[in-house]
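The values are calculated or read from the model by the stated rules, or taken from the named source; none is laboratory data. Here the structure is a predicted model, which is why all the values come from computation and not from measurement. Positions of Cβ are backbone-derived with ideal geometry, glycine not excepted, and every protein chain shown enters the neighbour counts.
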Amino acid sequence: MDLDVTIKQLVAANRILAHEGVFDAYGHISMRHPTEPDKMLLSRSRSPELVEPEDIMVFTFDGKPADGRSDPAYYERFIHCGIYEARPDINSVVHSHARQVLAFSVSDVKLVPLVHTAASCGCDIPVWDIEDNFGATNLLVANIAQGRDLAKSLGDDGRAALMRGHGFTAAGRTLAEALRIAIYLPQNAQIMLEAIQLGGSIKPLTAGEMEKREAQGPDGSDIARAMAYWAKRAGCSHYLDYKPST
C-alpha cells in the first residue's frame, strides 16, 4: 500500500474513533508501516479528533522516532511497539480508555462476546494487570518492557485485552479489523452490563458462531460500507480511499 494512502487512512481512523466515542482527548491508533514492516506509523501526541496527515510520525519498535522528528510523542506508544514486535500478523493497534469496559477490568466478571458485531474480539478477552510484573505504577505503559508484557497477554492470536483500571487494547490484522474491534468491544461491554442487570443467565457467542462470523477474514465484504459510513459521520471521507484487501 502507498505510504500517503496509509497515512490518510490512519488520520481517518483517528477521527472515526473520536466521533464514535472510543477516544476522547486521549487514546491512539497506529498502523504498521506499509513498506518497512519493522516500523510503525503513529500521530505525534495530539487529541485524536485533531490529527492531520502532517502529525503522523514513523517509529521503530523501541519507541524512538525513525524520521528525525522531535515532536512530543504519546507516552504509551510502547503498547503499539510491543504488539507489533511480537505479532507479525498485526497491522493496526488501538488503545482506548472507553469507560464501558472499565468495570470488567477491575472485576472477576469476565467480559465475553455476546453480540454478532463483537465476534472479531475473539473467544478470550484477558485482563492484563501491570501490577503483576511491575509493582506499583501510574498504570501507564511507559517503556518497552511493559509493552512486551502486555503483548504477551494477547498470546499468538488474541485480538483484545482489557487493562486493569485503565482501558483496553485492540490488535487488528488490518486497520478495518482494529476499528471494528475498538468500536464494538465497548458496545458489547455495555450490553453485557445491561444483561447482568436483568438477572438470569447470559449466553455468549459460541466458538462456532464466531468462526462463521469471521470466515470472510479481517476485511469482509461488508467492511467497505462500514468504513464509508464511519468516515462520513466523522466528516473525514476526504481522507479515506479504502479498498478491502484481496
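Tabulated data for the structure shown
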item: When residues of the stretch 153-172 are limited to those that are assigned to a strand (DSSP E or B), of a type outside the set (S, T, N, Q) and within 9 Å of the chain's Cα centre (by Cα), the one farthest from Ala86 (Cα to Cα); result: Phe168
item: Residue within the stretch 173-189 that is charged (D, E, K, R) and either on the phi > 0 side of the Ramachandran plot or outside any helix (DSSP H, G or I) (or both) present; result: yes
item: Top-ranked residue in the stretch 27-43 [being at negative phi and touching a Pro at 6+ places or on another chain (Cβ under 8 Å); ranked as surrounded by the most Cβ atoms within 10 Å (Cβ to Cβ)]; result: Ile29
item: Identity of the residue in the stretch 31-43, in contact with a helix residue (DSSP H, G or I) (Cβ under 8 Å, 6 or more places away or on another chain) and in contact (Cβ under 8 Å) with a residue 40 or more places away in the chain, that ends up nearest to Ala142 (Cα to Cα); result: Met40
item: Looking only at the stretch 115-126, and only at residues there that are within 15 Å of the chain's Cα centre (by Cα) and within 17 Å of Leu150 (Cα to Cα), the one that is modelled with the lowest pLDDT; result: Gly122
item: Count of residues meeting criterion [assigned to a strand (DSSP E or B) and acidic (Asp, Glu)] in the stretch 85-94; result: 0
item: Where Ala178 falls short, out of the listed (1) over 24 Å from His19 (Cβ atoms); (2) touching a Gly at 6+ places or on another chain (Cβ under 6 Å); result: (1)
item: Lone qualifier among Gly172, Gly167, Gly135 - being out of contact with any Asp or Glu (no Cβ under 9 Å at 6 or more places or on another chain) and exposed (fewer than 15 other Cβ atoms within 10 Å of the Cβ); result: Gly135
item: Residues being in a helix (DSSP H, G or I), of a type in the set (D, E, K, R) and either free of Cβ contacts under 8 Å to residues at least 24 places away in the same chain or loosely packed, with under 11 Cβ neighbours inside 10 Å (or both) - total across the stretch 198-224; result: 2
item: Test: Gly82 is assigned to a loop (DSSP other than H, G, I, E, B) and either surrounded by 21 or more Cβ atoms within 10 Å (Cβ to Cβ) or not hydroxyl-bearing (Ser, Thr, Tyr) (or both); result: no
item: Residue that is closer than 24 Å to Arg32 by Cβ and aliphatic (A, V, I, L, M), where the choices are Ala189, Ala195, Ala142, Ala136; result: Ala142
item: Selected residue (only one of Gly63, Gly68, Gly21 is farther than 18 Å from Val141 by Cβ, assigned to a loop (DSSP other than H, G, I, E, B) and in contact (Cβ under 8 Å) with a residue 60 or more places away in the chain); result: Gly21
item: Residue satisfying all of: in the stretch 44-60; surrounded by fewer than 16 Cβ atoms within 10 Å (Cβ to Cβ) and free of Cβ contacts under 8 Å to residues at least 12 places away in the same chain; nearest to His19 (Cα to Cα) among these; result: Leu50
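Conditions tested, residue by residue: (1) within 20 Å of Ala161 (Cβ to Cβ); (2) at pLDDT 90 or above; (3) not aromatic (Phe, Trp, Tyr).
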| site | (1), (2), (3) |
| --- | --- |
| Asn188 | yes, yes, yes |
| Glu194 | no, yes, yes |
| Ser221 | no, no, yes |
| Ala224 | no, no, yes |
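Yes or no, residue by residue, for (1) touching a helix residue (DSSP H, G or I) at 6+ places or on another chain (Cβ under 7 Å); (2) charged (D, E, K, R):
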position	(1), (2)
Cys81	yes, no
Tyr84	no, no
Leu102	no, no
Asp124	no, yes
Trp128	yes, no
Asp132	no, yes
